[in-house]
Amino acid sequence: MNELPVIDVSALVDPASSPEARLAVGRVIDAACRTSGFLLVTGHGINPALRDDLEALHREFFALPDDVKAAIAMPRGGSSWRGWFPVGGELTSGVPDLKEGVYYGVELGPEDPRVVSGTPLHGANQLPESPPALGPTVLRWIDEVTALGQALLRGLALGLGVPEDWFAAHVTADPTVLFRAFHYPPGDAGSWGVGEHTDYGLITLLAQDHHGGLQVKGDGVWLDVPADPYVFVVNLGDMLDRMTRGRYRSDPHRVRNLSGQDRVSFPLFLDPSWDARVTPLPDSVFADDATPEDDAASRWDGASVHEWDGVYGDYLTAKVSRVFPALFATVVD
């Protein structure tokens with residue numbers, strides 16, 4: 001893997017496209033996913049002006065003093081796990097990341113059963129008062145990029161040879177949707193914006209600025225991911241690795257900002273429903289394939305996604321508890 005696949009997904013997002021056109025794109029996605037856990041997606045239909053507004057408003061927010069940003073600090077959000085954290089406040093493999101960020105998610109009111117029951121990572125967003133346009137822009141972005149993600153999952157299903165609505169019917173009837181805005185101050189060769197890791201769920205849809213710094217590991221080699229603000233970087237998560245029995249891999253990735261400039265990025269995680277039991281796809285999907293060996297020994301965390309069994313919420317909670325261990329201990333029973 002010396003470069004990432006570039007895929008035009010316009011047929012998946014155009015409601016007027018034919019079944020044949022959608023199937024063709026699905027087959028291209030499937031072929032790409034069998035060689036790379038990262039894809040570059042064009043033809044996605046997200047307005048460039050919306051992306052530009054998202055970046056400009058977050059740059060304005062991140063430029064505020066820390067004591068002002070702390071008005072929406074994550075501990076204020078309780079178990080909903082929303083809000084701002086300072087540089088060094090998030091850990092990867094126990095090491096503080098050189099970044100700050102804001103956690104967002106699907107907006108849920110106090111009457112929602114998951115909020116009433118205190119389900120972790122569910123609730124209302126903490127949206128800053130300044131800049132005032134940031135909150136509405138974030139919520140619009142979550143809606144539009146989630147819709148794009150669902151279209152990509154339909155394409156994946158077609159490429160795998162299962163019904164187009166397979167993911168929606170089995171694991172994303174009520175998807176866990178988490179959105180992050182990250183700010184990386186300039187770093188050096190001795191610091192990491194984010195250390196080596198994989199994502200936990202199904203797919204991540206990432207919008208970047210133009211500064212670069214993201215790297216993906218394939219075949220033991222680290223590859224720089226091109227930084228085009230208007231091309232989505234889509235990567236596969238642990239649950240998709242598990243569901244495809246390792247035919248698709250959740251490739252490790254990391255970030256080091258050596259641009260000398262402040263870098264911002266915007267990943268949205270489209271994951272299984274909180275209570276979904278994530279199991280492999282039907283045997284018929286892989287009738288002609290040899291089962292790859294479990295890659296647990298070479299994974300960044302040494303853990304097997306194929307031996308694990310349970311509901312997605314338990315998997316995610318266990319992972320998140322290591323990212324903010326002190327905060328997790330105070331807000332989650």
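The values are calculated or read from the model by the stated rules, or taken from the named source; none is laboratory data. Predicted, not measured: the structure shown is a model, and the values here were computed from it. Virtual Cβ from ideal backbone geometry, glycine too; neighbours counted across all protein chains shown.
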* **Selection count, the stretch 286-303, where residues are assigned to a loop (DSSP other than H, G, I, E, B) and either more than 16 Å from Ser93 (Cα to Cα) or among the aromatic types (Phe, Trp, Tyr) (or both)** => 10
* Scan the stretch 157-202 for residues that are in contact with a strand residue (DSSP E or B) (Cβ under 8 Å, 6 or more places away or on another chain), aromatic (Phe, Trp, Tyr) and closer than 19 Å to Val145 by Cα and report the count. => 3
* To do: May I ask you to list the residues in the stretch 304-327 that are within 22 Å of the chain's Cα centre (by Cα) and part of a loop (DSSP other than H, G, I, E, B)?
  => Ser304, Val305, His306, Trp308, Asp309, Gly310, Phe324
* Structure fact -> In the stretch 274-295, anything closer than 30 Å to Arg82 by Cα and surrounded by fewer than 17 Cβ atoms within 10 Å (Cβ to Cβ) is listed as Asp275, Arg277, Thr279
* Filtered residues of the stretch 21-44 (kept if at pLDDT 95 or above and charged (D, E, K, R)) -> Arg22, Arg27, Asp30
* Structure fact -> By my count, strands (runs of 3 or more DSSP E) wholly in the stretch 1-103 with at least 2 residues that are within 30 Å of Glu164 (Cβ to Cβ) are 6-8, 38-42
* Selection count where residues are basic (Lys, Arg) and surrounded by fewer than 24 Cβ atoms within 10 Å (Cβ to Cβ), scope the stretch 250-273 -> 2
* **strands (runs of 3 or more DSSP E) contained entirely in the stretch 148-254, each with at least 2 residues that are closer than 22 Å to Asp314 by Cβ, in contact (Cβ under 8 Å) with a residue 12 or more places away in the chain and within 15 Å of the chain's Cα centre (by Cα)** => 175-184, 203-208
* Candidates Leu108, Leu91, Leu64, filtered to the one that is aliphatic (A, V, I, L, M) and in contact with a strand residue (DSSP E or B) (Cβ under 7 Å, 6 or more places away or on another chain) -> Leu108
* Structure fact -> Reported set for the stretch 109-127 where residues are touching a residue at least 24 places away in the same chain (Cβ under 8 Å) and either of a type in the set (A, V, I, L, M) or surrounded by fewer than 21 Cβ atoms within 10 Å (Cβ to Cβ) (or both) is Arg114, Val115, Gly118, Thr119, Pro120, Leu121, Ala124, Gln126, Leu127
* Asked: Quick one: in the stretch 305-330, which of the residues that are exposed (fewer than 15 other Cβ atoms within 10 Å of the Cβ) and hydroxyl-bearing (Ser, Thr, Tyr) is farthest from Pro252 (Cα to Cα)?
  -> Thr330
